[in-house]
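What follows is calculated from the coordinates using simple rules that are stated; it is not laboratory data. From a predicted model like this one, the values you see are computed outputs, not experimental measurements. Virtual Cβ from ideal backbone geometry, glycine too; neighbours counted across all protein chains shown.
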Amino acid sequence: MTATDRTPSTTRLARLAGLLYVAIIALGIGGDALVRGPIHVPGDASQTVANLAAAELPFRLSILGDVLMALSDVGLAALLFILLRPLSPRLALAAMVFRLVQAAILGLNLSSLQGAVTLASAPGANDALIVHLLESHAAGYDLGLFFFGVSCVLLGVIFLRARRAPSWLGAMLSAAGVVYLVGSAIHVAAPGLQEPFAPAYLVPVVAEVAFCAWLLAGGRPARGERARAPRGGQRAQRRLRLQPPELSVALEDRPRGGRGPHSEVLATPPPRGRVALAPTARPLERGSGPSCRLIANVLVAYLTPRPAWARR
């Protein structure tokens, strides 16, 4: 978003997206790290089931928190598309689609947690099946991060390519997406490398917190963005420096009949073999090429009212 694009409506949307991001971070950390993390005991299925049965209510509340997190992710995907569509419509749409797929996977994956807590509260529960459901949820979460990683990379590319967005944030989001993709691939292909790769997840944490803070601040533009001018305008001014006031006056004063205050300037025909140029065209500045002068003179001659001798 540019300095001119930061209207009150877009600022409110950016802050709303930041609030949804805060909810996603809080619900994700609270449900996984604080509730489900202490329950699972690697290599001890009976103890894991006992912990789950003892913390049934917090476990069910964590499932409800994950539902709210998925809903917040859907809303955040839509808001980010609205905010980033002016920067790159196609990439913003692709990032939204990948984020929505991730939210759908996480939502469907919650059925494993619901099945595990239901079996744990029933008499004669199968400990191995319950642990399998918990581990299936973890695997499904990593599969969803494949799509989330692609979404982060696309967001990073949008910020890096846009002149109106902070490039440092784009680099951080791109790095976070790469970490998510590599981490999920390791979880599927080489589970033994998960522990050595775990410190790399600090990069996504910092990147997402920074992105959340940027949204809460209203989506501030990059420093020095206000002084930038569109490239197309500068190129057009360098190619053709045509003074438009005379053209506007000639067109405004021209009546429907085709005659105006400038119509009688060329009352006499020009010599044979020469083209009459419009008197309203001011000389181009030095440095303009011959082709630019020719195009400008032809345009002005076409737009200027026709003299009397030309209408005979």
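Things worth noting here:
- Test: residue in region 77-95 that is among the polar types (S, T, N, Q), under 19 Å from the mean Cα position of the chain (by Cα) and outside any helix (DSSP H, G or I): yes
One line per residue, one yes/no per condition, for (1) under 30 Å from Gly219 (Cα atoms); (2) surrounded by fewer than 15 Cβ atoms within 10 Å (Cβ to Cβ); (3) among the β-branched types (Val, Ile, Thr); (4) in contact (Cβ under 8 Å) with a residue 60 or more places away in the chain:
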position	(1), (2), (3), (4)
Ala55	no, no, no, no
Phe59	no, no, no, no
Asp73	yes, no, no, no
Ser88	yes, no, no, yes
Met96	yes, no, no, no
Leu100	yes, no, no, no
Leu110	no, no, no, no
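- With respect to the conditions (1) of a type outside the set (Phe, Trp, Tyr); (2) in a loop (DSSP other than H, G, I, E, B); (3) in contact with a helix residue (DSSP H, G or I) (Cβ under 6 Å, 6 or more places away or on another chain); (4) over 20 Å from Tyr21 (Cα atoms), Arg163 lacks only one, and its number is (3).
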